[in-house]
1. I need the trypsin sites (Lys or Arg not before Pro) found in segment A:1-103, filtered to DSSP loop residues with at most 13 other beta carbons within 10 Å of theirs.
2. With all protein chains present, calculate the accessible area of B:I170 using a 1.4 Å probe and round the result to the nearest 10 Å².
3. Any idea what the dipole of the protein assembly as shown comes to, in debye rounded to 20, about its Cα centre with Lys/Arg Cβ at +1 and Asp/Glu Cβ at -1?
4. Could you please put A:Y82, B:Y331, A:Y131 in sequence from largest to smallest accessible area, using a 1.4 Å probe?
5. Does chain B classify as rounded, prolate or oblate by the C-alpha gyration tensor (a ≥ b ≥ c root eigenvalues; a/c under 1.5 gives rounded; else a/b over b/c gives prolate, otherwise oblate)?
6. Give me the lysines in straight-line cross-link reach of B:K161: C-alpha distance below 23 Å, same-chain residues under 8 apart excluded.
7. Report in % the part of the accessible area of the protein assembly as shown that belongs to carbon and sulfur, leaving out ligands and nucleic acids; probe 1.4 Å.
8. Can you tell me the mean projection area, over all orientations, of the convex hull of segment B:236-353's alpha carbons? Units nm², please.
Amino acid sequence: MDFLLHSLGDALRLIAAFDRDLLGIVATTLRVAVASTAIAALLALPPALLIARREFPGKPLVLSLLRSAMAIPTVLIGLLVYAFIARNAPLGGMRLLFTPAAIVIGQVLLILPLITALAHAALQQRAALVYEEARLLGASPRAASWQVLVESRLGVTTAVAAGFGRVISEVGIALMLGGNIRGSTRTITTAITLETSQGNFARAFALGLVLLALVVLIHLFLRLRNEARAA
Amino acid sequence: MDMAAAEGILARAPSSAAGPDSGRTPPEAGAPLIAAQGLSFAYPPHFTIEIASFTLRAGERTALVGRNGSGKTTWLRLLAGLERPGPGGCCRHRAGLRLGFLRQNPYLFSGTVGGNLAYPLALLRLPRAEIASRVAAMLERIELAPLARRRSDELSGGERKRLALGRALIGKPEALLLDEPDAHLDRRSRSVIEGLLSTSPAALLFATHDLRFAHRLAREVLHLRAGRLVPGTPENVLSGRAVEPSGTSAGARIRTSGGLTIRVGHPPEPGEARVTIDPRSLVVSREAFDSSMQNQFPGRIAAAHEENGNVWLEIALAGEVLTAIVSRGSYERLGLNLGLPVVVSFKANAVEIL
């Protein structure tokens, strides 16, 4: 217990001192997570909208595949992407392995099904109705689709936030594809792994606290914004 | 004729692409706006909706009546291009037709009442000032001006309907299809909506349950049963003339064009009159009997079909055919049958003047 408290005290001191190394890790983490989430959201929302709006044969199958895909282990995606971008792999020439871009690729794949499935759940109830109503009032297909997202914005932001929460806290992809390179691909989660294995518990704790704070802050921000919009 | 095929809403060019103020010449009265031939839509276990031939022309107002499940909504949706018809049929809209559609349960966008009215105008990228003035004018017409900043989900049912109609009308549609615009309305909303529709220059096709509403607004009333138009007047609409009260006979009467003299509860306006009698308020018996009912006519069962445990009887009287609905049980107990002579009775108060 003493050890825990001691580490915690050191951790708080590190955070208070704005340790440069620590700030750099936080910045990398945020950059990668924001990029992954933004790209995944852009890729996931159009199909989510289409699935929500249309009936087609095989729709239940598509939905259950999406839901299963939500549970894919991060290390499996890490392995798959690795197989494609390793030095002597098909896309090896692009020199992506152990770059932030590699992490982004893996994380996008990780949360694509998650955001698609959650956004579909949020949209399905009204998508067809809103789309049709907007079209009848003169909206272009694009404007009508936008209106569908606007009308279900609470659920859609929740879906995207869930994706963000998943990528910012995952370690498998960041470690396998990023390589935990200091100053380049070291993220909070990979740093925690490293510091713990090296016995630097105070730094590990400090990073953990920062990660926790980030997740809580983002959650609070979204909630407050949603409540402000709903009011 | 310059017409674009409507192949479902996805294929349809946005109706408002030309914009309401683009100076395009409005359709001349009588110009076909929507023309449908051989449209069908199957509800596999039940029945098929069929629109053998229908044309909505500029300046026309047509009502579609029929009971729940008779296919009114599907008719409207097929004509609007919202449902993909079965093979073989075609539904053409006048090129660039500005089509409005009011659902039975309209979807209002989140946000304010004013925001909902502004939506179609904002899509046209009209100047802000023009949007504001047109929204303000429409708010007055739908009598929601004090609620302009109210959130749309705080409105009552009648207010919602008025707002949805205002939103459908604000883009100045040339044709407007409405699914039960008069259903479940408070008195004020009903009169606002009826006022808006009766003054709208748009060609109207609306579904309703209320025959009086249908006849007040529309010149033509179509009767739908089991997805198909059925010929003749829907549900006992009789036209005739008021009979001048004379010496001995008390009470108001109407003589129909078919030669039937019907006693009515309230004196009609002199001259032309149209009345309707709810098929449920007709009493069918094998023989005449003495009762408080002032109308009693002998006739013959000309047709009978069963629907949902009730039997719809078409009873041929001298010169008129009346539809009566009796339960399956009564039909059997009375031993009714095609061709059988029966007596139809109904109260003077059951006759509604349209």
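The values are calculated or read from the model by the stated rules, or taken from the named source; none is laboratory data. Worth saying up front: this structure is predicted, and the values here are computed from it rather than measured. Neighbour counts are summed over all protein chains in view; Cβ atoms, including those assigned to glycine, are modelled from backbone coordinates with ideal geometry. Note: areas computed on protein heavy atoms with side chains; ligands, DNA, RNA excluded. Shrake-Rupley method; radii C 1.70, N 1.55, O 1.52, S 1.80 Å.
1. Hits after loop and neighbour filter: A:R54, A:R87, A:R95.
2. Here the accessible area works out near 10 Å².
3. 1040 debye
4. A:Y82, B:Y331, A:Y131
5. Numbers: a/c = 2.29, a/b = 1.74, b/c = 1.32.
Verdict is prolate for chain B.
6. Here the lysines satisfying the reach criterion relative to B:K161 are B:K72, B:K172.
7. 59 percent
8. That works out to 7.1 nm².
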